[in-house]
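Everything below concerns the one structure shown next.
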Amino acid sequence: MDRRTEIMTAAGRLFSEAGYHVTSMRDLARAVNLQGGSLYAHIASKEEILFEIVSHAADLFLAGAAAVPPDLPPAERVARLVEAHLAVIAREIGNATVFFHEWRFLSPERKAQIQERRDAYEAYFTRAIADGVETGVFRVEDPRLATLFVLSALNWTYQWYDPAGPIPPDEFARQYAAMVLGALGADGPLTPGPSPRVGEGRSTEHAGGAA
């Protein structure tokens, strides 16, 4: 791992645990065994680090959505989008926490760049839900409102889901996708298996937003 990657990894952990504003450059330098001044040989500012972490997470979410074939039936497309979304959270839970909770501390210009990508990501869900409404698969009045509902439910999982806990990520995503489809009014019974209790060991101190 090169030094810049090491800095970004440490920053993602510190920002997700303590928050962007609470974490100082001195904290970050200490985490990677550098003198405070030496840190600036690798990065220009703390906000640059935040932007890179948030941008990386946005890339992962968008790549997951783009990999879902657009010609799939709407219900399957939504299920695949849900699974891809939760896979990113399970795999990169620290960076996902920063993406959902700390991105609002970016400068207006950088925040606008991220918002544009969040909107593009959201559109994948809205199109799939709208297609489902049009074909009679889903029973919701407003696909945009339904999208916000679904993403809010998905995004909150970073608060309490533990990928190393009793429900493996693949099974967790399967059950969540089934519940999302049920909430959208898809026909067919929901058949999630018996669910052990989840959420132990995850903090619920912070709040998340829709992607």
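Here are some notes:
- Test for Asp142: is it modelled with pLDDT of 95 or more, loosely packed, with under 15 Cβ neighbours inside 10 Å and charged (D, E, K, R): yes
- Residue in the range 54-71 that is modelled with pLDDT of 95 or more, over 24 Å from Thr5 (Cα atoms) and among the β-branched types (Val, Ile, Thr) present: yes
- Remark: Glu6 matches the filter, which requires a residue to be surrounded by 15 or more Cβ atoms within 10 Å (Cβ to Cβ), modelled with pLDDT under 95 and farther than 29 Å from Met179 by Cα.
- Verdict on Ser38 being assigned by TED's automatic domain parsing to the domain that holds Tyr121 and of a type in the set (Gly, Ala, Ser): no
- Among the residues making up the range 59-98, those that are under 14 Å from Gly12 (Cβ atoms) and hydrophobic (A, V, I, L, M, F, W, C) are Leu60, Val88, Ile89, Ile93, Ala96, Val98.
- Selection from the range 50-108 of residues that are in contact (Cβ under 8 Å) with a residue 40 or more places away in the chain, under 25 Å from Asp187 (Cα atoms), among the hydrophobic types (A, V, I, L, M, F, W, C) and not in a helix (DSSP H, G or I): Val68
- Extreme residue, surrounded by the fewest Cβ atoms within 10 Å (Cβ to Cβ), among residues of the range 148-164 that are free of Cβ contacts under 8 Å to residues at least 40 places away in the same chain and part of a helix (DSSP H, G or I): Ala153
- Residue match in the range 78-99 (condition: in contact with a Leu (Cβ under 9 Å, 6 or more places away or on another chain), in the same structural domain as Ser55 (by TED's automatic domain parsing), closer than 19 Å to His56 by Cβ and surrounded by fewer than 15 Cβ atoms within 10 Å (Cβ to Cβ)): yes
The values are calculated or read from the model by the stated rules, or taken from the named source; none is laboratory data. Quick caveat: nothing in here was measured; it's all calculated off a predicted structure. Here Cβ is always computed from backbone atoms with ideal geometry, including for glycine, and neighbour counts include all displayed protein chains.
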